[in-house]
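Encoded as structure tokens, the structure appears first; notes follow it.
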Amino acid sequence: MLKQKIVIVDDEPKIIRLVSANLRTQNYEVVTYTNGHEMLENYDRIMPDLVLLDILMPEIDGFKVLEALRSFSTVPVIMLSACHDASDKVTALDLGSDDYMTKPFTLEELYARIRAVLRRTGAQQPPAEIATSSTIINLQIDYAKLRISVDGRKADVSNTEYKLFAYLATNRGKVLTHEELLKQIWGPEYRNDIDYLRVTIARLRQKLRKANGENKIEYIITYPGVGYMIE
């Protein structure tokens, strides 16, 4: 069985040595870089399964690296930061990161977050009991191909965005609470991290509006303080 490959991008040698050594004990293949430019230049050669990306780095910060990465790849990214400013977390999520961790963190928490992100972003076939496709107004969900289309045009959604919308769609007509969505899509350890859900819903809506062109259709209904539903 091939090992999953994790890339670490951090300008602190001590962090790189500590994290890489411990990830190897967990049977991951690890590649390290001390700056974002080098990782971006070598991305097509290494093709990682997940990226651990520090924010505060010289030359090019982690936000700019993430923005560049998202222009051509949906690889799962966990942002690492010594800053506890909530706005940095929201910025990272807005730019398309899959998770955000503040330093210092325990290795056990890092392992759990990596497992959760890889589990969430991995391609999974739909359960046998649900239909292979469904239609909501002019939107089509292909559960076999893990694809959302609007009037035949594929919406450029991430794996997490797809899974969130598909879960709402398979529970159509039912209001799903914030906690349930977080537990089902992100994992039980994320049940109180509502920022993840709010940012992903906002990004998903924006992408569906773009795919819709002139049609101003809102597929996801918000129930303030409760959750979300697709009618």
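Things worth noting here:
- Residue within the stretch 193-200 that is free of Cβ contacts under 8 Å to residues at least 24 places away in the same chain and outside any helix (DSSP H, G or I) present: yes
- Boolean, residue 97 is within 19 Å of residue 187 (Cβ to Cβ), at pLDDT 90 or above, outside the structural domain of residue 200 (by TED's automatic domain parsing) and not aromatic (Phe, Trp, Tyr): yes
- Of the residues making up the stretch 166-184, those that are surrounded by 14 or more Cβ atoms within 10 Å (Cβ to Cβ) and either in contact with a Lys or Arg (Cβ under 7 Å, 6 or more places away or on another chain) or within 15 Å of residue 135 (Cβ to Cβ) (or both) are 166, 168, 169, 170, 179, 182, 183.
- Residue tally, condition in a helix (DSSP H, G or I) and among the polar types (S, T, N, Q), over the stretch 10-67: 4
- Cross-chain or 6+ apart pairs with Cβ under 9 Å, the stretch 154-167 first and in the same structural domain as residue 185 (by TED's automatic domain parsing), then modelled with pLDDT of 90 or more and acidic (Asp, Glu): 155/161; 158/98; 159/98; 160/98
- Unmet criterion (only one of (1) farther than 20 Å from residue 218 by Cβ; (2) in a loop (DSSP other than H, G, I, E, B); (3) in contact with a Leu (Cβ under 9 Å, 6 or more places away or on another chain)) for residue 157: (1)
The values are calculated or read from the model by the stated rules, or taken from the named source; none is laboratory data. All of these numbers come straight from a predicted model, not from anything done at the bench. Glycine gets a Cβ as well: all are built from the backbone with ideal geometry, and neighbour counts include every protein chain shown.
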